[in-house]
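The values are calculated or read from the model by the stated rules, or taken from the named source; none is laboratory data. What you see is a predicted model; the values in this text were computed from it and never measured. Cβ placement follows ideal geometry from the backbone for every residue including glycine, while neighbour counts extend to all protein chains displayed.
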DNA sequence: TTCGTTGTTCGCAAAATTACGAACAATATT
DNA sequence: AATATTGTTCGTAATTTTGCGAACAACGAA
């Protein structure tokens, strides 16, 4: 899906869209909230928190990993998931910059 | 009210996911950027900006309207799209609150 | 009326997403 | 070796998303 790439904005917009897409499902928001707010980070605890099958949870975690928002590490016999703090901060800046770009006065709409 | 009460300003995770989902496509980010930054807001100008068919642009605009991030108004013979400033601000707060909820220290991951 | 302009909607196809159970892999324990 | 624990991957199905061209609707102008 390489439509809408424009040299001047391309990188930011594509990355912002990827972050947004990763956050675009209630289960993934719940997972991120869980990891951001609590003291547990093992698959089993995440899985217990959600009313969906573990295969599905695993899939959502995979997507979140691929978006860069979290990391996954094997800690035998468990798997530990953590917020990727650097990318989390990057996403925060991206979103905030995006929303802050709205002009106060718009010749067309105001 | 207890100052340390958790989630005093609760975020609706479903709503956050809806906003995120709406932003989860490069074309829709491009449309929102265009509307947020420029002085034009007519379908034709948005359509010219994107390398996709007008039917597809119309569809993306419909999704953005349904998410609440923009409004659409007929101004015969054109259609004017504008950022929905109130919901835009709401989305900004939602995202920012969400990202800010990350704890400094995590007993599990640090 | 007929034409041109502006966008939406329809119908379809291809691709991606979401979800699940079952099978599997890796390891530790009995 | 057999069993239990922890998650991932596979195979599949249902649904949603994305995208396009063509048809359509609403309007003003010739």
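Below, the figures for the structure above:
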item	result
Pair list, Cβ under 7 Å, 6 or more apart: region A:81-110 residue more than 7 Å from chain B (Cβ to nearest Cβ) and in a helix (DSSP H, G or I), other residue surrounded by fewer than 19 Cβ atoms within 10 Å (Cβ to Cβ) and modelled with pLDDT under 95	A:94/A:12
Residue B:76, sole failed condition from (1) closer than 19 Å to residue A:96 by Cβ; (2) within 16 Å of DNA strand D (Cβ to nearest atom); (3) more than 10 Å from every other protein chain (Cβ to nearest Cβ)	(1)
For residue A:40: the one exception among (1) in a loop (DSSP other than H, G, I, E, B); (2) within 16 Å of DNA strand C (Cβ to nearest atom)	(2)
Output for region B:49-58, where each listed residue is surrounded by 16 or more Cβ atoms within 10 Å (Cβ to Cβ) and within 11 Å of DNA strand C (Cβ to nearest atom)	B:57
Breaking point among (1) in contact (Cβ under 8 Å) with a residue 24 or more places away in the chain; (2) within 12 Å of DNA strand C (Cβ to nearest atom); (3) in a loop (DSSP other than H, G, I, E, B), for residue B:24	(1)
Residue within region A:59-66 that is at the interface with another protein chain (Cβ under 8 Å from one of its Cβ atoms) and exposed (fewer than 14 other Cβ atoms within 10 Å of the Cβ) present	no
Test: residue in region B:55-69 that is within 22 Å of residue A:103 (Cα to Cα), touching a helix residue (DSSP H, G or I) at 6+ places or on another chain (Cβ under 9 Å) and either in a loop (DSSP other than H, G, I, E, B) or at pLDDT below 95 (or both)	yes
Qualifying positions in region B:23-48 - facing chain A (nearest Cβ under 8 Å), crowded, with 16+ Cβ neighbours inside 10 Å and out of contact with any strand residue (DSSP E or B) (no Cβ under 9 Å at 6 or more places or on another chain)	B:23, B:24, B:25, B:26, B:27, B:28, B:29, B:30, B:33, B:40
Filter result for the condition that a residue is within 16 Å of DNA strand D (Cβ to nearest atom) and under 25 Å from residue B:30 (Cα atoms), over A:104, A:63	A:63
Unmet criterion (only one of (1) facing chain A (nearest Cβ under 9 Å); (2) in contact with a helix residue (DSSP H, G or I) (Cβ under 8 Å, 6 or more places away or on another chain); (3) not in a helix (DSSP H, G or I)) for residue B:51	(2)
